[in-house]
Amino acid sequence: MKKEISASEMIQLLCDLEDLEVTNLESLVLEGAINAGFVTEGDSVKNLYRRAWVKKVTEHANDAYKLEDVATGENLAATIENVKALLKARESKVNEILELLAKQILDATPPYKN
């Protein structure tokens, strides 16, 4: 790192780095879907189907992000220097996937008939 940082900032960066390494995109998207009330912790058939669908869409989106990163040359390894940028990018990806899920739900809405 180029500038001096305090011990508390360094500890926070290390915690962020650990969070980045142990938390995956799928768990964050599921957390968002739970917060929105779309899925729950229960084991109903409807809920299990929704969870599986959210996981599958997230898996496809994550694969697309990985391919895009390689194609654009932005496939960065997680380090202390770029942890904040990677956390911001991950948050953006989670929001994009949640928006994709919402759009797919709206697109599946049956048309209104008189």
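Observations on the structure shown:
- Among the residues listed as ASN24, ASN114, the single one being open to solvent by 90 Å² or more (accessible area, probe 1.4 Å), on the phi < 0 side of the Ramachandran plot and not hydrophobic (A, V, I, L, M, F, W, C): ASN114
- Scanning region 1-43 for residues that are assigned to a loop (DSSP other than H, G, I, E, B) and touching a Leu at 6+ places or on another chain (Cβ under 8 Å) gives ILE5, ALA36, PHE38, VAL39.
- Residues of region 82-111 satisfying the condition of being open to solvent by 60 Å² or more (accessible area, probe 1.4 Å) and touching a helix residue (DSSP H, G or I) at 6+ places or on another chain (Cβ under 9 Å): LYS84, GLU91, ASN95, GLU96, LEU100, GLN104
- Count of region 40-69 residues which are small (Gly, Ala, Ser), open to solvent by less than 50 Å² (accessible area, probe 1.4 Å) and over 18 Å from ASN95 (Cβ atoms): 1
The values are calculated or read from the model by the stated rules, or taken from the named source; none is laboratory data. These numbers were taken from a predicted model, which means no experiment stands behind them. Note that each Cβ is placed from the backbone with ideal geometry, even for glycine, and that neighbours are counted across all protein chains shown. Ligands, DNA and RNA are excluded from the accessible area calculation, which covers all protein heavy atoms including side chains. Shrake-Rupley method; radii C 1.70, N 1.55, O 1.52, S 1.80 Å.
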